[in-house]
Every structure is written in structure tokens, then in C-alpha cells.
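So the structure is just underneath, and the comments pick up after that.
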Amino acid sequence: MKTVFLQEVITTLGLQEISVICDRAEMLARTSPSLRYDLITCRAVAKLDQLWPWAAPLLRPGGTLAALKGGDLEAEVAQFMRRFPDQKPEILSMPLLACDPTADRKMVVITNHI
């Protein structure tokens, strides 16, 4: 069910040469070690400094991790930057949802520069 929305977007927009994979990053790295992706999305998975080592090996150079996060990210981003000083996460505000207008969601975007 986690990937239904993404599949619906692809179908609705008529996008080509895109596939949605619902799997754990650490499993995908083991089962398909030669594959590299343009974009990895996730929501409520782990802190950024735990998430990046799972995602980075799966991203092609210039590929992007887009992590939907909630709450105050200042400490989490600072911890990430201490561990990965060469990476520059971009934090984007997300629009409020009618079903939850008080939720403070942000998209953290990290591009693989390696």
C-alpha cells in the first residue's frame, strides 16, 4: 500500500520508463547490488544519519533522496552534517493537508554528489 500513491501519479501523468519498488533499502542493496536509482523516496523510516548509508549506495551520481519528515529537524540535520559534512541537505516546507492542518511536514532532499 505504501507505493500506491506513487504508482497512481505515474499512471495519471503518463510517465514512461519509471518503476516503483517497495522494498527495504538494505535488502535491495543485497539483491540488486548493481542497480542505481535517480530517486529514492521514504517517509518515517529513520533519522537522516541512519537513512543516508542505506540510500546512498543505491543512488546514481546526482541521484536524490527525498525523505518526508515531521517535527523539528534542527538537531537531526546537525547530527547528519557532522557525520556527512560533504552532503548538503535541502529542507523544503510541505503544504498543509486538509485532513491534518497542524502537521508540520518537511521534505529533506539530499543529492548524491559521489
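The values are calculated or read from the model by the stated rules, or taken from the named source; none is laboratory data. From a predicted model like this one, the values you see are computed outputs, not experimental measurements. For neighbour counting, all protein chains shown are included, and Cβ atoms are generated from backbone atoms with ideal geometry for every residue, glycine included.
From the list Thr41, Thr31, Thr102, Thr111, pick out the single residue that is at pLDDT 90 or above and of a type in the set (Ser, Thr, Tyr).
One residue alone meets the criteria, Thr111.
Checking Cys42 against (1) of a type outside the set (Asp, Glu); (2) touching an Asp or Glu at 6+ places or on another chain (Cβ under 9 Å); (3) free of Cβ contacts under 8 Å to residues at least 40 places away in the same chain; (4) surrounded by 12 or more Cβ atoms within 10 Å (Cβ to Cβ), which test does it fail?
Against the list (1) of a type outside the set (Asp, Glu); (2) touching an Asp or Glu at 6+ places or on another chain (Cβ under 9 Å); (3) free of Cβ contacts under 8 Å to residues at least 40 places away in the same chain; (4) surrounded by 12 or more Cβ atoms within 10 Å (Cβ to Cβ), Cys42 comes up short only on (2).
Which residues, taken from region 26-56, are assigned to a helix (DSSP H, G or I) and over 13 Å from Ala67 (Cα atoms)?
Glu26, Met27, Leu28, Ala29, Arg30, Thr31, Pro53
Could you tell me which numbered condition Val45 fails, if it satisfies all but one of (1) within 25 Å of Glu76 (Cα to Cα); (2) out of contact with any strand residue (DSSP E or B) (no Cβ under 9 Å at 6 or more places or on another chain)?
(2)
Condition check: surrounded by 12 or more Cβ atoms within 10 Å (Cβ to Cβ), assigned to a helix (DSSP H, G or I) and modelled with pLDDT of 95 or more. Does Gln79 satisfy that?
Here the answer is yes, as Gln79 does meet what is asked.
So which of Glu17, Glu26 ends up being at pLDDT below 90 and under 21 Å from His113 (Cα atoms)?
Only one candidate qualifies: Glu26.
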